[in-house]
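Student: The structure is given below, and queries will be raised subsequently.
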Amino acid sequence: MTAKKTSQRCILVSNDDGIFAPGLLALATAMREFGRVIVIGPEENQSANGHRKTLTKPLRVTPVKIGENIEAYSTDGAPADCIAIALIGLLGVQVDLVVSGINRGANLGQDLTYSGTVAAAFEGTIHGKPSVAFSLDSRSLEADYSAAAQVARHVAALVLEHSLPPMTLLNVNIPYLPYDQIKGTQITRQGTRIYHDELVTRLDPEGRPYYWIGGKAPSGDVSAEGTDIWAVHQGYVSITPVHLDMTAYPMIEQLKSWKF
């Protein structure tokens, strides 16, 4: 069997930072060498919305311009909606790879349960497509995504060559460094995030309280070698294989002994 020609491939790109995020444009541009690129992203920022799917209202899809010669659309749904509607019939083409990002800020450890960027890759995996989530370890609005785009191009080429097992995606976190200063790549496991959330209470003009989840950015154990948190802290690209079967297998026999 001959490999599929680049011109016949279709790469689906999404994110959670919104359709006009610079990381999305950088990722879409990097994917163009692999074939036709179609971008479907949320019209508004959907960060930390997790794997949410819209079932109780219609979804609107609008063509938008995000760069030269890039086919792009926005939706009023979540990142998972973007991937779902694309793969169940909106595009009318065979998608070969789903990529999400490049997220503004890392998605490490338990961040995966919150991240809309990772949720888009989850959705692609559920639909049987090789899927990769990319995140950059910088939350600056002026961040340079050029090095991260080079990493994404390299990872995408390998995934297209080797594919991924069923129900498995890659979560890729990239240190915020010039490309020639990134030390290399580490295949990692999830680390443990430490969250520093604080409840901020304010009053609206009518004296009614409202609440904001604030606090410092999450941290984690940077000394736990082999984790995604450790790798990025050390200046490596972290690539974590993530399986959608979240069963806690060691606890199955223990629960059986409880005699429910």
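What follows is calculated from the coordinates using simple rules that are stated; it is not laboratory data. Quick caveat: nothing in here was measured; it's all calculated off a predicted structure. Heads up, the Cβs are rebuilt from the backbone with ideal geometry, glycines too, and the neighbour counts pull from every protein chain shown.
Student: Quick check on region 76-98. Is at least one of its residues touching a helix residue (DSSP H, G or I) at 6+ places or on another chain (Cβ under 7 Å), assigned to a loop (DSSP other than H, G, I, E, B) and closer than 30 Å to residue 219 by Cβ?
Tutor: There is at least one residue in region 76-98 that is touching a helix residue (DSSP H, G or I) at 6+ places or on another chain (Cβ under 7 Å), assigned to a loop (DSSP other than H, G, I, E, B) and closer than 30 Å to residue 219 by Cβ.
Student: To continue, here is another question. In region 233-253, which residues are of a type in the set (A, V, I, L, M) and within 22 Å of the chain's Cα centre (by Cα)? It would help to see each step written out before you state the result.
Tutor: Step one: of region 233-253, the residues of a type in the set (A, V, I, L, M) are 237, 239, 242, 244, 246, 248, 251-252.
237, 239, 242, 244, 246, listed by residue number.
Student: Considering only residues that are touching a strand residue (DSSP E or B) at 6+ places or on another chain (Cβ under 8 Å), surrounded by fewer than 20 Cβ atoms within 10 Å (Cβ to Cβ) and of a type in the set (Asp, Glu), which ones fall in region 7-48?
Tutor: 43 - this is the single residue of region 7-48 that is touching a strand residue (DSSP E or B) at 6+ places or on another chain (Cβ under 8 Å), surrounded by fewer than 20 Cβ atoms within 10 Å (Cβ to Cβ) and of a type in the set (Asp, Glu).
Student: So which residues in region 14-35 are over 19 Å from residue 144 (Cβ atoms) and either β-branched (Val, Ile, Thr) or touching an Asp or Glu at 6+ places or on another chain (Cβ under 6 Å) (or both), if there are any at all?
Tutor: Within region 14-35, just 19 meets the criteria.
Student: A further question follows. With the structure loaded, tell me whether residue 27 is among the hydrophobic types (A, V, I, L, M, F, W, C) and touching a Ser or Thr at 6+ places or on another chain (Cβ under 9 Å) or whether it fails that test. Spell out the reasoning first.
Tutor: Working: among the hydrophobic types (A, V, I, L, M, F, W, C): yes; touching a Ser or Thr at 6+ places or on another chain (Cβ under 9 Å): yes.
Yes: the conditions hold for residue 27.
Student: Kindly establish whether residue 104 is among the charged types (D, E, K, R), within 17 Å of the chain's Cα centre (by Cα) and at negative phi. Can you show your working first?
Tutor: Numbers: among the charged types (D, E, K, R): yes; within 17 Å of the chain's Cα centre (by Cα): yes; at negative phi: yes.
Spelling it out, residue 104 is indeed among the charged types (D, E, K, R), within 17 Å of the chain's Cα centre (by Cα) and at negative phi.
Student: Moving on to the next point. Are there any strands (runs of 3 or more DSSP E) wholly within region 170-260 with 1 or more residues that are within 27 Å of residue 132 (Cβ to Cβ) and of a type in the set (S, T, N, Q), and if so which? Can you show your working first?
Tutor: Numbers: elements: 185-187, 193-203, 209-220, 237-243.
Counting at least 1 such residues, we get 185-187, 209-220, 237-243.
Student: Can you list residue pairs whose Cβ atoms sit under 8 Å apart, with the first residue in region 159-170 being farther than 12 Å from residue 121 by Cα and touching a residue at least 24 places away in the same chain (Cβ under 8 Å) and the second being of a type in the set (Phe, Trp, Tyr) and outside any strand (DSSP E or B)? Count only pairs 6 or more apart in sequence or on different chains.
Tutor: The qualifying pairs are 160/34.
Student: In this structure, does residue 228 turn out to be surrounded by 10 or more Cβ atoms within 10 Å (Cβ to Cβ), under 20 Å from the mean Cα position of the chain (by Cα) and either farther than 25 Å from residue 29 by Cβ or hydrophobic (A, V, I, L, M, F, W, C) (or both)? Quick ask: steps written out before the conclusion?
Tutor: On the way: surrounded by 10 or more Cβ atoms within 10 Å (Cβ to Cβ): yes; under 20 Å from the mean Cα position of the chain (by Cα): yes; either farther than 25 Å from residue 29 by Cβ or hydrophobic (A, V, I, L, M, F, W, C) (or both): yes.
Yes; evaluated as a whole, the condition is true for this residue.
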